[in-house]
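**Q** Take a look at this one; I'll ask things after.
The values are calculated or read from the model by the stated rules, or taken from the named source; none is laboratory data. Source: prediction; values computed, not measured. Ideal geometry is used to build each Cβ from the backbone, glycine not excepted, and the neighbour counts take in all protein chains shown. Keep in mind that these areas ignore ligands, DNA and RNA; they rest on the heavy atoms of the full protein, side chains included. Shrake-Rupley method; radii C 1.70, N 1.55, O 1.52, S 1.80 Å.
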Amino acid sequence: MTLEWTTPTILEWIKSIMPVMEVEDNPFDSPMARVIFPASAEAEYRFEVHIYPHDEIQIAARLLEQPDAYFWYTCYELCSMEPIALLTERFLETLKKVLLYPTRIEQKRGWLCWDFDCSYCSGTTWEKIVGVGCLRASYDDVIPQISGKQRFYHAPPYSPDKNGVCSV
């Protein structure tokens, strides 16, 4: 496997995991490419991959009912001082987890921050993938509003041959 972070190379890696996807080149008049995965039945969100060639790859979740809302994402940056082989391996491992297993995203409202934690179901337990947070004062107008301090969003796996047994 080549380890060059170009859009065609990254798309080949993604196709090895999930061949069904939509690719947008240069959305938002930027040099990025966006890979959009279809939403599973009963999913509250879908996943996307944002490719910034020679710089960064992001895995993001988008709420189906509020696609412009700030929600969960994780990024893999070349400037992180990790070897490119390790970054690539971590990216592909995370992509497999979010696409091939049931996932849930927990939104929490704290005093200062909104937090979003993504977990996947591995057998009978939920395993945290990664969390992201943002200041409430800066993002309150673009965050999904919830009643109470926490809400769980769910998405079943994309692959019909991977059925988890975790309860939602």
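**Q** Among the residues of region 55-95, which ones are at pLDDT 90 or above, in a strand (DSSP E or B) and open to solvent by 60 Å² or more (accessible area, probe 1.4 Å)?
**A** Selection gives Y73 alone.
**Q** Tally the residues that are open to solvent by less than 10 Å² (accessible area, probe 1.4 Å), within 11 Å of the chain's Cα centre (by Cα) and under 15 Å from G131 (Cα atoms), restricting the search to region 96-107.
**A** Residues meeting the conditions: 3.
**Q** Could you grab the pairs with beta carbons closer than 6 Å, sequence gap of 6+ or different chains, first residue in region 51-63 and farther than 24 Å from D117 by Cβ, second one among the acidic types (D, E) and assigned to a loop (DSSP other than H, G, I, E, B)?
**A** From region 51-63, no pairs qualify.
**Q** Does Y52 fit the bill of being more than 25 Å from Q107 (Cα to Cα), surrounded by 14 or more Cβ atoms within 10 Å (Cβ to Cβ), at pLDDT 80 or above and of a type outside the set (D, E, K, R)?
**A** yes
Condition check ((1) modelled with pLDDT under 70; (2) in a helix (DSSP H, G or I); (3) open to solvent by 90 Å² or more (accessible area, probe 1.4 Å); (4) of a type outside the set (S, T, N, Q)) across all residues:
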| residue | (1), (2), (3), (4) |
| --- | --- |
| T2 | yes, no, no, no |
| W5 | yes, no, no, yes |
| E12 | no, yes, yes, yes |
| V35 | no, no, no, yes |
| P38 | no, no, no, yes |
